[in-house]
Amino acid sequence: METVRVLVTGGAGYIGSHLVDALCEAGHEVHVLDNLSTGKAANLAHRLDEVLLVNGSILDAELVEREVEWAQLVFHLAAAVGVRHIVDDPLASLLTNTRGTENVLNACFRFWRKVVVASTSEVYGKTAKVPMQEDDDRVLGPTTVHRWSYSTAKAIDEHLAFAYAANRLPVAIVRYFNSYGPRLDERGYGSVVANFLRQALAGEPITVHGDGRQSRCFTYIDDTVRGTVLAGFTPEAEGQIFNLGATRETTILELAEMIKAAVGSSSVINPTAYETYYGPGFEDTRRRVPDVTRARELLDWVPTVELEDGLARTIEWWEKTHA
Ligand code: UDP
């Protein structure tokens, strides 16, 4: 197989570093551009003899150009992620997620590099229609609710990508659905799975927001990464958006019970008002379920890891790294 020079922005992050692993294992040459804001050099510690880690920001247009020029294929994952981050610092998040992507796409256009843009199921907003198909309408709350700025910024990224695609740039977009697995940020910023794991292992109350009957489709990292790689290397992916998510719907309360049982925790499951975590006026997405027909048909991708297995692997990693 041909070795490809691949740039991964955000490659020191939770998903990015697993993507780097997969690309290295497939024999590709990899550069990572990451400002180590939420990403960690430790996520790539085992790769630093084969991967160039450039500690810099996607807001640095010149640096982005240099790295994109070097590459033959770009995966753009760098972003301010996690609803909690967005709510805590909406301005920096918006600017990173719009200007940064503009820089990456502009450079890809200049040097004619295929680019896979990592987007999110958050783009669908609070639509009541499930399963969600890539071409469905988006339903968002008011602009006074910071949460929706993440959805909006990522939708701008997608619009930008399609605008460049209209000018013949090869682009593909992947929308992630609640990915979890080893290297999740322990503080739980981006993921309820990490939050519950930390709480369950410490014997602290497991904070289920609201009535806990809101649902998500938790997607194991190996599935997330395999779909992303396929979007980069499959010619039919160009010009398309793909939902990458498991199809099993799990309520947050069920997740809390599963994690509590899996770690043998004595934690109590503690219903908590949304406001205590996110501040007043927060709005949540009630159900989020992907339709993955397109990924199956064009990428030959289906999610394969059951939640029980994925949680067991994540717990194993957690216990090993926190021993
Ligand atoms: N959540 C929760 N307790 C926590 C953290 C999150 O009940 O400690 C809920 C959150 O309100 C949402 C769901 O879990 O309904 C998923 O949250 P997450 O931040 O993982 O991702 P989202 O799907 O909202 O982007």
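Quick grid of which residues meet (1) among the small types (Gly, Ala, Ser); (2) closer than 30 Å to PHE75 by Cβ; (3) part of a loop (DSSP other than H, G, I, E, B):
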site	(1), (2), (3)
GLY232	yes, yes, no
ALA256	yes, no, no
SER265	yes, no, yes
GLU275	no, no, no
ASP284	no, yes, yes
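Considering only residues that are touching a strand residue (DSSP E or B) at 6+ places or on another chain (Cβ under 6 Å) and among the β-branched types (Val, Ile, Thr), which ones fall in the stretch 125-157?
THR127, VAL139
Would you mind finding the one in VAL51, VAL87 that is β-branched (Val, Ile, Thr), out of contact with any Ser or Thr (no Cβ under 6 Å at 6 or more places or on another chain) and over 24 Å from HIS18 (Cα atoms)?
VAL87
In the list GLU257, GLU186, which residue meets the criterion of being charged (D, E, K, R), under 24 Å from PHE282 (Cα atoms) and more than 10 Å from the ligand (Cβ to nearest atom)? Walk me through it before giving the result.
On the way: GLU257 fails: under 24 Å from PHE282 (Cα atoms).
Selected residue: GLU186, the only one of GLU257, GLU186 that is charged (D, E, K, R), under 24 Å from PHE282 (Cα atoms) and more than 10 Å from the ligand (Cβ to nearest atom).
How do the pairs read when you match residues in the stretch 120-149 that are on the phi > 0 side of the Ramachandran plot and within 12 Å of the ligand (Cβ to nearest atom) with residues anywhere that are assigned to a strand (DSSP E or B) and not aromatic (Phe, Trp, Tyr), using Cβ under 6 Å and keeping only pairs 6 or more apart or on different chains?
Hits for this filter: GLY125/VAL139.
Would you mind stating whether ILE241 is under 19 Å from ARG198 (Cα atoms), more than 10 Å from the ligand (Cβ to nearest atom), modelled with pLDDT of 95 or more and not in a loop (DSSP other than H, G, I, E, B)?
Spelling it out, it is not the case that ILE241 is under 19 Å from ARG198 (Cα atoms), more than 10 Å from the ligand (Cβ to nearest atom), modelled with pLDDT of 95 or more and not in a loop (DSSP other than H, G, I, E, B).
Counting only residues that are within 14 Å of the ligand (Cβ to nearest atom) and under 22 Å from the mean Cα position of the chain (by Cα), how many does the stretch 275-291 have?
Within the stretch 275-291, residues that are within 14 Å of the ligand (Cβ to nearest atom) and under 22 Å from the mean Cα position of the chain (by Cα) number 11.
Can you find even one residue in the stretch 72-89 that is more than 25 Å from PRO290 (Cα to Cα) and modelled with pLDDT under 95?
yes
List every residue pair whose Cβ atoms lie under 8 Å apart, where the two residues are 6 or more positions apart in sequence or sit on different chains, the first residue falls within the stretch 192-213 and is in contact (Cβ under 8 Å) with a residue 12 or more places away in the chain and of a type in the set (Asp, Glu), and the second residue, located anywhere, is near the ligand (Cβ under 10 Å from one of its atoms) and not in a helix (DSSP H, G or I).
ASP211/PRO271
Considering each of VAL83, VAL116 in turn, give the residue that is in contact (Cβ under 8 Å) with a residue 24 or more places away in the chain and more than 21 Å from GLU238 (Cβ to Cβ).
Answer to the selection: VAL83.
Matching residues to (1) in contact with a strand residue (DSSP E or B) (Cβ under 7 Å, 6 or more places away or on another chain); (2) under 22 Å from TYR176 (Cα atoms):
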| position | (1), (2) |
| --- | --- |
| ARG248 | no, yes |
| GLU254 | no, yes |
| ALA261 | no, no |
| THR272 | yes, no |
| THR276 | no, no |
| ARG287 | yes, yes |
| THR304 | no, yes |
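Suppose we keep only residues that are in a loop (DSSP other than H, G, I, E, B) and near the ligand (Cβ under 7 Å from one of its atoms) within the stretch 189-219. Which one would you say is surrounded by the fewest Cβ atoms within 10 Å (Cβ to Cβ)?
Within the stretch 189-219, the match that is surrounded by the fewest Cβ atoms within 10 Å (Cβ to Cβ) is GLY210.
Would you be able to say whether some residue in the stretch 167-180 is assigned to a loop (DSSP other than H, G, I, E, B), within 14 Å of the chain's Cα centre (by Cα), modelled with pLDDT of 95 or more and under 16 Å from TYR14 (Cβ atoms)?
Yes, the stretch 167-180 has at least one match.
Considering the stretch 22-59 alone, what residues qualify as being in a helix (DSSP H, G or I), surrounded by fewer than 20 Cβ atoms within 10 Å (Cβ to Cβ) and within 17 Å of the chain's Cα centre (by Cα)?
Listed by number, the list holds a single entry, ALA22.
If the requirement is being surrounded by fewer than 16 Cβ atoms within 10 Å (Cβ to Cβ), over 22 Å from LEU184 (Cα atoms) and not charged (D, E, K, R), which of these qualifies: THR304, THR276? Give the steps one after another, and end with the answer.
Numbers: THR304 fails: over 22 Å from LEU184 (Cα atoms).
Just a single option satisfies the conditions, and that option is THR276.
Can you tell me which of ARG226, ARG313, ARG294 is within 26 Å of ALA155 (Cα to Cα), more than 13 Å from the ligand (Cβ to nearest atom) and out of contact with any helix residue (DSSP H, G or I) (no Cβ under 8 Å at 6 or more places or on another chain)?
Just one listed residue meets the conditions, ARG294.
The values are calculated or read from the model by the stated rules, or taken from the named source; none is laboratory data. For clarity, every value in this text was computed on a predicted model and none was experimentally measured. Methodologically, a virtual Cβ is constructed for each residue, glycine included, from the backbone with ideal geometry; neighbour enumeration extends over all protein chains shown.
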